[in-house]
1. Being within 30 Å of A:GLU28 (Cβ to Cβ) and surrounded by 21 or more Cβ atoms within 10 Å (Cβ to Cβ) is the filter here; which residues of segment A:133-144 pass it?
2. Quick one: would you say B:GLU32 is in a strand (DSSP E or B), under 30 Å from A:ARG151 (Cα atoms), open to solvent by 40 Å² or more (accessible area, probe 1.4 Å) and away from chain A (no Cβ under 12 Å)?
3. Say whether the condition of being of a type in the set (S, T, N, Q), at pLDDT 95 or above, outside any strand (DSSP E or B) and more than 10 Å from the chain's Cα centre (by Cα) is met by at least one residue in segment B:65-86.
4. Tell me which residues, restricted to segment A:200-246, are exposed (fewer than 15 other Cβ atoms within 10 Å of the Cβ), in a helix (DSSP H, G or I) and polar (S, T, N, Q).
5. Residue by residue through segment A:29-58, note down the ones that are out of contact with any Asp or Glu (no Cβ under 8 Å at 6 or more places or on another chain) and either open to solvent by 20 Å² or more (accessible area, probe 1.4 Å) or within 14 Å of another protein chain (Cβ to nearest Cβ) (or both).
6. Conditions first: (1) at the interface with chain B (Cβ under 10 Å from one of its Cβ atoms); (2) buried (at least 23 other Cβ atoms within 10 Å of the Cβ); (3) without any contact (Cβ under 8 Å) to a residue 60 or more places away in the chain. A:GLY79 passes all but one, so which condition is the exception?
7. Among the residues of segment B:35-59, write down those that are in contact (Cβ under 8 Å) with a residue 40 or more places away in the chain and either among the aromatic types (Phe, Trp, Tyr) or assigned to a loop (DSSP other than H, G, I, E, B) (or both).
8. Taking the options A:ARG68, A:ARG111, name whichever one is open to solvent by 50 Å² or more (accessible area, probe 1.4 Å), within 14 Å of chain B (Cβ to nearest Cβ) and not β-branched (Val, Ile, Thr).
Amino acid sequence: MLRDRWRLIPFQYHNAAVNMAIDEAVAEAISFNEASPTVRIYGWRPSAISIGRFQSAEDEVELEECRRRDIDLVRRRTGGGAVYHDEEGEITYSVICPERLVSKDINASYRDICHLIVNALAAIGIEAEFKPINDILVEGRKISGSAQTRRQGVFTMHGTVLFDVDPETMFSVLKVGRTKVSDKDLVSFQDRVTSVRDVSEATLEELLLAMFNAFVEGKEWFLDDLSRDEWDRVEVIARDSYSDDE
Amino acid sequence: MERSPYHMAERKVKGGKLVRVKAAVQGGVLAEVRIEGDFFVHPEEGLAKMEVALMGLNTSGILQSAEIALIATMAKEGLTVIGFAPRDVADLLEEICSGTDGA
């Protein structure tokens, strides 16, 4: 029988391959009914770029600049766009659970989980709004994006929250074409993003606490790490599926 | 230097995502098609099936045939696409085909 007590994995830093492999290993364990629905909040060390499943690395990323700056590159198994995960300034979350716990409607499930992030930001004094399909904006600027997949009856959604933007690095390693912003009114792509630090005095710890509180509100939950079996699978998945990305 | 056989067209779909189509045309038909961008396809493997459905289509009348091929594939495979419509890809293919000599 599927368990509905949620497992919260405390904040951890990992490299890009391991971060992606953890999501996959947890999803596998849930599909075998060997793990509880899971929320994890994590960072990337070293800084990394993740590109969407349907993107071309050459089109989206300044590959030489990434190598020069020792920035990892990984292809997600989810769609969506390229994201720069700054080691110091970006927080990522993953929600992994049986599909029956989320809306069957994909747009509705984006809305439902993004609203938890909106609530977390509200708790630290930031007024944010969900903008379909998968963005969260503060004063018209993006502070969070997300992507999801559904496999073997398991829902995985991961998303990012910008804590402190490093625009110089971000826009040195990401290629931002004119087409991408052609339906936006803003002149500069840089003007499209903001961060917690841009709009509030909240600390990283306050943001993390607010995110955990928002995710667990109204749920039964417990704190735990991955199981030994999950960590074993992480090692295999990271090596076989993510370590030689691009 | 060898020229890439791929021609490319892209658009940011209003209210949707960026779609970039790369296609190679040989003998008046689409020999290869890639659909790239920051959109979502569920299940993800379905995008390859959409690309396959476009290969072999004649470049004349591509707007209609590509849209029909994509709609049929999405229905047959039970695909949900978020961020673009079949017509967007058909438009981009027409743009590519109109810019090639059909060789």
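1. Filtering segment A:133-144 down to residues within 30 Å of A:GLU28 (Cβ to Cβ) leaves A:133-136, A:144.
If the condition is that a residue be within 30 Å of A:GLU28 (Cβ to Cβ) and surrounded by 21 or more Cβ atoms within 10 Å (Cβ to Cβ), then A:ILE133, A:ASN134, A:ILE136, A:SER144 are the ones that fit.
2. Details: in a strand (DSSP E or B): yes; under 30 Å from A:ARG151 (Cα atoms): yes; open to solvent by 40 Å² or more (accessible area, probe 1.4 Å): yes; away from chain A (no Cβ under 12 Å): yes.
Here the answer is yes, as B:GLU32 does meet what is asked.
3. At the first step, the residues of segment B:65-86 found to be of a type in the set (S, T, N, Q) are B:65, B:73, B:80.
Still in the running and at pLDDT 95 or above: B:65, B:73, B:80.
With the extra rule that they be outside any strand (DSSP E or B), the set shrinks to B:65, B:73.
Pick out the ones that are also more than 10 Å from the chain's Cα centre (by Cα) and you get B:65, B:73.
Yes, some residue in segment B:65-86 is of a type in the set (S, T, N, Q), at pLDDT 95 or above, outside any strand (DSSP E or B) and more than 10 Å from the chain's Cα centre (by Cα).
4. Residue satisfying the conditions is A:ASN213 alone.
5. Correct list: A:SER31, A:PHE32, A:ASN33, A:SER50, A:GLU58.
6. Looking at each condition in turn, A:GLY79 falls short on (3).
7. Within segment B:35-59, B:ASP38, B:PHE39, B:PHE40, B:THR59 meet the criteria.
8. Numbers: A:ARG68 fails: within 14 Å of chain B (Cβ to nearest Cβ).
From the options A:ARG68, A:ARG111, the qualifying one is A:ARG111.
The values are calculated or read from the model by the stated rules, or taken from the named source; none is laboratory data. Model, not experiment: these values are computed from the prediction. Note that each Cβ is placed from the backbone with ideal geometry, even for glycine, and that neighbours are counted across all protein chains shown. Note: areas computed on protein heavy atoms with side chains; ligands, DNA, RNA excluded. Shrake-Rupley method; radii C 1.70, N 1.55, O 1.52, S 1.80 Å.
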